[in-house]
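Student: This structure is in structure tokens; I'll ask about it shortly.
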Amino acid sequence: MKTIALAGNPNCGKTTIFNAMTGSSQYIGNWPGVTVEKKEGRWKGDSDIKLIDLPGIYSLSPYSLDEVIARNFLLNENVDLIVNVVDATNLERNLYLTTQLLETGIPVVVALNMMDLVKNHGDRIHIEELAVQLHCPVIPVSGLKNEGLDTLADTFVKDIGRGDRLHFSIYSENIQKYLRRVEGVCSFCDAAKKEWYAIKLLEKDEKTMEHIAMINADMQQIDSMREEMKAEFDDDIQSIIADARYVYISDLVAKTYTKTRNGMCLSDRIDSIVTNRVLALPIFAAVMYIVYYVSVTTIGGFVTDWTNDVLFTEIIPPFVEEFLISLDCAAWLSSLILDGIIAGIGAVLGFVPQMFVLFFFLALLEDCGYMARIAFIMDRIFRKFGLSGKSFIPMLIGTGCGVPGIMASRTIENEKDRRMTIMTTTFIPCSAKLPIIALIAGALFDGASWVAPSAYFIGIAAIVCSGIILKKTRLFAGDPSPFIMELPAYHMPQLKNVLLSMWERGSSFIKKAGTIILLSTIVIWFASRFGIDDGAIVMLEEEELSKSFLAVLGSGMAPLFAPLGWGNWQAAVAAITGLVAKENVVATFGILFGFGEVAEDGVEIWNAMALSFTAASAFSFLVFNLLCAPCFAAMGAIRREMNHTKWTVFAIGYQCLFAYLASFVIYQFAMISVYGFTMMSALAVAVFVLFVYLLFRKPKSKEKQQQKEYAKA
Amino acid sequence: MKTLNEIQPGNEVIVKKLHGESACKKKLMDMGITKNTYIYVRKAAPLGDPVEIKVRGYELSIRKEDAACIEIERTTV
């Protein structure tokens, strides 16, 4: 088995080439323990050749997670060949990575992509000269038009595993003399990788230093060489090396690229309108409205409603039921299949059509280049509370459904921002929480018009406050990641890529999240349908929910919720069934108050609700259900996106704790006017003070900021 | 000393030096902002920050805060 790694800048067309070369034999997953997507496939021409699509990166420096992943893979995984995809329309910056890839000592084949665009512009690239200068094959291709890919394949088949490469250095004499001296000390690696390690040692690259065992004397020797070099060039090593690379590249591009065009191209003209100072926000609002409207309310909504209300209510269950009856199946088994498994699968699959529509739009926005502009436009607002401009999309989608909202966090590059977005997105009330709002507003607030907006306000406040608080903790602190982002040229999105991306993201949700959700719904089904009656475990009728294990659990948990004002077991059970789907909360109250089926807003049980809740306790119940752990489908999505058990537990734990404390403070503050100032009030004040402290305390990295200011001055 | 964050859209400048020791500096260099590079400041975002610049033939978005570590010199155009 041979391994080929596909490396290149973001937006260089790497995915198109990867798709064209692997066809349908792709496996999509995550790199171990991180939220970065990993794509793997077999080459169409020979299934003994494995292709790995590395994350899109600008450099092999260890400053972003994507870079570290790509680097570790190239250095530690015995890669036989690198196909470096280079965007020919953006040659200078793309070749920067090429110079680094060449230094790894792994054979490189450069695929010069988007050659058709270069020709259309009337420009010329002298391919042979470029290949001679880079000492590696350079193949002109067009992933979009499927041109040159056969030649590329022929070349890598010929080149794979050919170890004897011409060694050449891109650096000037006076830099090389230092490199050769350091190489003299590097006895631990083979000749092909020596220049790479020499540079890393001079740069004092942390990730490299961790892996190298060197004796102190050698280290000191390198230290003194480093100081000598810094003194000679009057700069730090990283700057010297980066400068030298670009000097070499500028020279190379001047020799090989003939430019004829001048003035504004189409992409520039589009951009001058789309991110125009006046028009940018209205256009942005319109685009978001269309995405939301189509994927959440119209097409996506219709199909989701159809799957939930027709397919999994009127079509499949009666059919299966009939079939089970004809088999004379035991009652418990048919209940397990119908109410447990089919209902569980239905709960997951119901979201899928909506998600596919949404992923279609997200892929479209990414592919055409508008996604980067969204971040550009929104950055100013979201940075204030520790998120990035791209967090806007998950949150907007989250108002419809948290599951696709969480999945939409994929488009955020920075890992910390992405985790934070995953954790906070479900604070926004999704459409399934609306019946709870309607129930509480109708039963206890006379349908007051402020209740629903207040739910959204609380959701937004929870996101903003969590952003600020979490950013100051050790988990999310550290250097504020610089927001230095390429704004790629606009281009026509490619239907095939958009559909493929939609399919990959959608199906990976079904596969991974489906299992957890299914299992959880079966457990809840068991707990709600079985109970102890007359000393024996028996199966219960639907109306007998009050005898079930779930009711026992609810009674057990009720005291926990007493400080929030709703210590009755019915409310506790409703909150638990809400974990399956938030719509269940209202339905559960219906059953528990003895009304069986109720309308969506539970109008039948308003009186019963008004008797067992007060205004304060009902509002506290509402807040808790808005903010606490979302439904199993959304938790599955969190697990899928975090790709890490500890982070998933942390995220869900944080949400529950935040919900608990927020409800506690709201209820106890309201109670002061009833019972006066009690112990509980004091505790609530203490929690509130702690909250304010966490919100306004100085961040941990104060010293660093001071250093920064000092450096500026 | 003039820095990039002080430059109004529509102007072209040359990079003199990058200050600081941060990851930000390294990232800027990776993206092609090195000594003697030409930078054209194209526009600011609708809310005033970040700014869009053109460097080495492509468009880059950068916060004013990060642009402050780029020392520049006006070109005589």
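Student: When you go through (1) within 14 Å of chain B (Cβ to nearest Cβ); (2) not in a helix (DSSP H, G or I) one by one for A:K416, which number turns out not to apply?
Tutor: Unmet for A:K416, out of (1) within 14 Å of chain B (Cβ to nearest Cβ); (2) not in a helix (DSSP H, G or I): (2).
Student: Where in the range A:367-409 are there helices (runs of 4 or more DSSP H), lying wholly inside it, with at least 3 residues that are in contact with a strand residue (DSSP E or B) (Cβ under 7 Å, 6 or more places away or on another chain)?
Tutor: On the way: elements: A:370-383, A:392-398, A:402-407.
Those helices (runs of 4 or more DSSP H) span A:370-383.
Student: Follow-up. Residues B:E71, B:E65: which one is more than 7 Å from chain A (Cβ to nearest Cβ), within 13 Å of B:N5 (Cβ to Cβ) and part of a strand (DSSP E or B)?
Tutor: From the options B:E71, B:E65, the qualifying one is B:E71.
Student: I need a count of the residues in the range A:33-57 that are touching a residue at least 60 places away in the same chain (Cβ under 8 Å) and either within 14 Å of chain B (Cβ to nearest Cβ) or surrounded by fewer than 18 Cβ atoms within 10 Å (Cβ to Cβ) (or both).
Tutor: Count: 4.
Student: Tell me the residue from A:G105, A:G23 that is under 23 Å from A:A198 (Cβ atoms) and out of contact with any Leu (no Cβ under 7 Å at 6 or more places or on another chain), please.
Tutor: A:G105
Student: Does A:G447 qualify as being more than 24 Å from A:L281 (Cα to Cα), at pLDDT below 90 and outside any helix (DSSP H, G or I)?
Tutor: When the stated conditions are applied, A:G447 passes them.
Student: Mind listing whichever residues of the range A:230-254 are surrounded by 18 or more Cβ atoms within 10 Å (Cβ to Cβ) and away from chain B (no Cβ under 12 Å)?
Tutor: Hit for the range A:230-254 is A:L252, nothing else.
Student: Now, a different point. For the structure I just gave you, tell me whether A:S501 is away from chain B (no Cβ under 14 Å), crowded, with 20+ Cβ neighbours inside 10 Å, in contact with a strand residue (DSSP E or B) (Cβ under 6 Å, 6 or more places away or on another chain) and modelled with pLDDT of 75 or more.
Tutor: It is false that A:S501 is away from chain B (no Cβ under 14 Å), crowded, with 20+ Cβ neighbours inside 10 Å, in contact with a strand residue (DSSP E or B) (Cβ under 6 Å, 6 or more places away or on another chain) and modelled with pLDDT of 75 or more.
A quick yes/no check of all residues on (1) under 30 Å from A:M225 (Cα atoms); (2) in contact with a helix residue (DSSP H, G or I) (Cβ under 9 Å, 6 or more places away or on another chain); (3) among the basic types (K, R); (4) in a loop (DSSP other than H, G, I, E, B):
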{"residue": "A:A153", "(1), (2), (3), (4)": "no, yes, no, no"}
{"residue": "A:S169", "(1), (2), (3), (4)": "yes, yes, no, yes"}
{"residue": "A:L179", "(1), (2), (3), (4)": "yes, yes, no, no"}
{"residue": "A:E183", "(1), (2), (3), (4)": "yes, yes, no, no"}
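Student: When you scan the range A:404-421, do you find a residue that is surrounded by 19 or more Cβ atoms within 10 Å (Cβ to Cβ), among the β-branched types (V, I, T) and at pLDDT 85 or above, even just one?
Tutor: Checked the range A:404-421: at least one residue is surrounded by 19 or more Cβ atoms within 10 Å (Cβ to Cβ), among the β-branched types (V, I, T) and at pLDDT 85 or above.
Student: May I ask you to list the residues in the range A:91-131 that are within 14 Å of chain B (Cβ to nearest Cβ) and farther than 24 Å from A:F168 by Cα?
Tutor: A:M114, A:L117, A:V118, A:H121, A:D123 - these are the residues of the range A:91-131 that are within 14 Å of chain B (Cβ to nearest Cβ) and farther than 24 Å from A:F168 by Cα.
Student: Out of the residues in the range A:359-391 that are closer than 18 Å to A:M420 by Cβ and away from chain B (no Cβ under 13 Å), which is surrounded by the fewest Cβ atoms within 10 Å (Cβ to Cβ)?
Tutor: Selected residue: A:F385.
Student: Any idea which of (1) touching a Gly at 6+ places or on another chain (Cβ under 9 Å); (2) closer than 28 Å to A:G346 by Cα is the one A:D271 doesn't satisfy?
Tutor: If we test A:D271 against (1) touching a Gly at 6+ places or on another chain (Cβ under 9 Å); (2) closer than 28 Å to A:G346 by Cα, just (2) comes out false.
Student: Can I ask one more? Pick from A:A213, A:A217: which is surrounded by fewer than 16 Cβ atoms within 10 Å (Cβ to Cβ), away from every other protein chain (no Cβ under 14 Å), small (G, A, S) and not in a helix (DSSP H, G or I)?
Tutor: Answer to the selection: A:A213.
Student: Of all the strands (runs of 3 or more DSSP E) wholly in the range B:1-62, which have at least 3 residues that are in contact (Cβ under 8 Å) with a residue 24 or more places away in the chain, β-branched (V, I, T) and more than 7 Å from chain A (Cβ to nearest Cβ)?
Tutor: B:12-18, B:51-55
Student: In a helix (DSSP H, G or I), of a type in the set (A, V, I, L, M) and crowded, with 19+ Cβ neighbours inside 10 Å: does that describe A:A198?
Tutor: Here the answer is yes, as A:A198 does meet what is asked.
Student: Could you grab me the full set of residues in the range A:58-109 that are among the acidic types (D, E) and either without any contact (Cβ under 8 Å) to a residue 24 or more places away in the chain or within 22 Å of B:E59 (Cβ to Cβ) (or both)? Working first, answer last.
Tutor: First, the residues of the range A:58-109 that are among the acidic types (D, E): A:66-67, A:77, A:80, A:87, A:92, A:103.
Residues satisfying the conditions are A:D66, A:E67, A:D87, A:E92.
Student: Could you say whether any residue in the range A:564-573 is out of contact with any Ser or Thr (no Cβ under 8 Å at 6 or more places or on another chain), part of a helix (DSSP H, G or I) and without any contact (Cβ under 8 Å) to a residue 12 or more places away in the chain?
Tutor: No, the conditions are met nowhere in the range A:564-573.
Student: Continuing with this model, one more query. Away from chain B (no Cβ under 13 Å), of a type in the set (D, E), surrounded by fewer than 17 Cβ atoms within 10 Å (Cβ to Cβ) and touching a residue at least 12 places away in the same chain (Cβ under 8 Å), is that true of A:E227?
Tutor: So A:E227 does not fit the description; no.
Student: Moving on. Checking A:S334 against (1) buried (at least 20 other Cβ atoms within 10 Å of the Cβ); (2) small (G, A, S); (3) more than 14 Å from chain B (Cβ to nearest Cβ), only one condition comes out false. Which one?
Tutor: The number of the failed condition is (1).
Student: Further question: Please verify whether the range A:204-223 includes one or more residues that are without any contact (Cβ under 8 Å) to a residue 12 or more places away in the chain, under 30 Å from B:P50 (Cβ atoms) and charged (D, E, K, R).
Tutor: No, the range A:204-223 has no match at all.
Student: Okay, next question. Please specify each residue of the range B:56-77 satisfying the condition of being hydrophobic (A, V, I, L, M, F, W, C) and crowded, with 22+ Cβ neighbours inside 10 Å.
Tutor: B:L60, B:I62, B:A67, B:C69, B:I70, B:I72
Student: Here's something else I'd like to know. Might you check whether a residue that is assigned to a strand (DSSP E or B) and under 18 Å from A:M492 (Cα atoms) occurs anywhere in the range A:137-144?
Tutor: yes
Student: Which condition breaks for A:I440 when tested against (1) outside the structural domain of A:F361 (by TED's automatic domain parsing); (2) closer than 15 Å to A:A651 by Cβ?
Tutor: (2)
The values are calculated or read from the model by the stated rules, or taken from the named source; none is laboratory data. Source: prediction; values computed, not measured. All Cβ positions, even for glycine, are placed from backbone atoms using ideal geometry, and neighbour counts span all protein chains on display.
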